[in-house]
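Nothing in this text is a laboratory measurement; each read-out follows from the coordinates by a stated rule. It should be emphasised that the depicted structure is a prediction, and the values quoted were computed from it without experimental measurement. In this analysis, Cβ positions are derived from the backbone assuming ideal geometry, glycine residues included, and neighbour counts consider all displayed protein chains.
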Amino acid sequence: MTEASLSHLWVYLSASPLMGLTMTLVAYSLALKLYEKGHKNALLHPVIVAIALLIVFLSVSNMSYKDYFEGGQFIHFLLGPATVALAIPLYQQFSKLKKNWLPISLAMVSGVVIGAISSIVIARFSGASLETLLSLAPKSVTVPIAMGISEKIGGLPSLTAVLVVVTGILGAIMGIKLFQVMKIKDDSVKGIAMGVTAHGIGTARSFQVSSEMGAFSGLAMALSAVLTALILPYLVTFLHWLELF
Amino acid sequence: MNFLHGITLLLIFQLIGEMTAILFDLPIPGPVIGMMLLFSVLLWRGRSSAPLDEVSSGLLSHLSLLFVPAGVGIMVYFDRIISEWLPIGLTLVFSTLMTMMSTAVVMLWVQKKLSKKELKHD
């Protein structure tokens with residue numbers, strides 16, 4: 001094969017969605033293998049490793065994020081049906097939810113409100129720019145929903161997507177430790193706190209602990225997404241009126 | 001066949017959700033409305049189905065894979081993240097901890113209050 005035909009092949013491949021799609025799956029499979037080999041060490045979280053591998057691959061091959069996303073979007077798209085699919089574990093845990101509806105709803109409202117206010121206040125007083133501050137506000141909500149909220153309040157939706165993923169990873173890592181320190185044993189409490197804070201990534205981590213924790217986390221992720229979408233635009237206006245930022 | 005039935009159902013509910021959000025100009029995202037609709041249907045029917053169970057456990061067991069393409073977008077924002085690393089880092093770590101702790105504490109506190117009340121009633 002000559003150099004010319006190789007570069008021709010490369011031009012073809014990097015323009016086709018096949019490359020981005022395949023590399024995402026390859027990177028994630030490698031990351032999962034590494035995670036299992038590393039005895040599920042939190043720092044080897046498959047999402048971190050897969051993202052790092054893909055960034056290295058894209059920089060080495062000089063492929064732009066836009067070209068990569070041509071393929072990546074097929075996986076990104078599945079976030080929609082996956083959100084709908086949360087109805088099933090939710091339904092399976094419904095009897096537990098019904099018994100506990102008051103503590104769960106109060107916990108979720110406080111988590112959503114404290115999450116939004118704390119992120120705006122900390123960002124403001126540590127000197128974040130306005131765009132970054134607004135992009136950080138919906139950081140605990142699952143990606144497609146957070147992007148919509150970010151756009152609505154004047155943040156940068158794609159920066160929000162990144163911050164949401166980092167929040168999810170941080171929450172999944174810190175959460176398990178935090179629950180040990182706080183001596184929380186009840187899987188339903190752990191699941192709710194995880195889902196409100198660390199959305200789908202926390203939910204994925206919760207399902208590894210138990211299906212009860214996963215279902216509650218999925219429930220909290222879904223309901224807190226709705227709550228945040230309803231509350232955050234008004235909360236931002238209110239904090240702005242208080243001249244907090 | 002189960003997988004095909006399952007994913008078709010999920011997409012139909014997502015589609016109804018998206019259409020509802022647009023038609024009624026709702027601030028709630030379409031997939032969340034779809035999820036609430038599917039949940040109501042399951043409650044009304046009183047049981048789930050094999051195709052739905054299969055496709056949901058398939059999708060949800062690899063949920064973290066679905067976040068990878070958005071996460072790779074960090075490369076577009078390297079400059080901003082490097083120049084604002086301190087506020088971004090502080091916000092992410094402390095706000096995440098505060099959110100998680102307050103949610104857990106409130107839930108435990110209300111549960112305790114309620115169980116005390118029940119004891120009194122008995």
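Descriptive notes on the structure:
- Folded to 0 to 90 degrees: helix A:17-37 orientation relative to chain A principal axis, Cα: 60
- Computed on the Cα trace of the protein assembly as shown, the radius of gyration divided by the Kirkwood hydrodynamic radius gives Rg/Rh = 0.98.
- Taking a Cβ cut-off of under 14 Å around residue A:220, the surrounding Lys, Arg, Asp and Glu residues balance to a net charge of 0, with basic ones at +1 and acidic ones at -1.
- Rounded, prolate or oblate (a/c below 1.5 giving rounded, otherwise prolate when a/b exceeds b/c) for segment A:1-91 by Cα gyration tensor: oblate
- Segment A:167-240-segment A:124-153 distance, computed between alpha-carbon centres (Å): 17
- Cα lying deepest toward the dipole's positive end in segment A:1-155, options A:140, A:17, A:74, charges on Cβ: A:140
- For segment B:1-76 versus segment A:1-38, the gap between their alpha-carbon centres in whole angstrom: 28
- Order of B:36, A:174 under a 10 Å beta carbon neighbour criterion, fewest first: A:174, B:36
- Each part gets one Cα centre, and for segment B:78-122 versus segment A:62-117 those centres are 17 Å apart.
- Shape category assigned to chain B from the gyration tensor of Cα positions, a/c cut at 1.5: oblate
- Distance in nm between pseudo-label sites at residue A:99 and residue A:10 (7 Å out along the Cβ direction from Cα): 6.1
- Low-density loop cleavage sites - trypsin sites (Lys or Arg not before Pro) in segment A:15-106, where at most 15 other Cβ are within 10 Å (DSSP): A:40
- Cβ-based net charge around residue A:189, under 12 Å, with every Lys or Arg adding one and every Asp or Glu removing one: +2
- Note on residue B:8 and residue B:61: with the Förster distance fixed at 25 Å, the Cβ-Cβ geometry gives a FRET efficiency of about 0.80.
- For the cross-link pairs A:98/B:113; A:152/B:113; A:152/B:112; A:66/A:190, the ones whose C-alpha atoms lie over 28 Å apart are A:152/B:113; A:152/B:112; A:66/A:190.
- Prolate/oblate/rounded label for segment B:20-88 (Cα gyration tensor, a/c 1.5): oblate
- Kyte-Doolittle mean at least 1.0, axial Cα span of 30 Å or more - DSSP H helices of chain B: B:2-23
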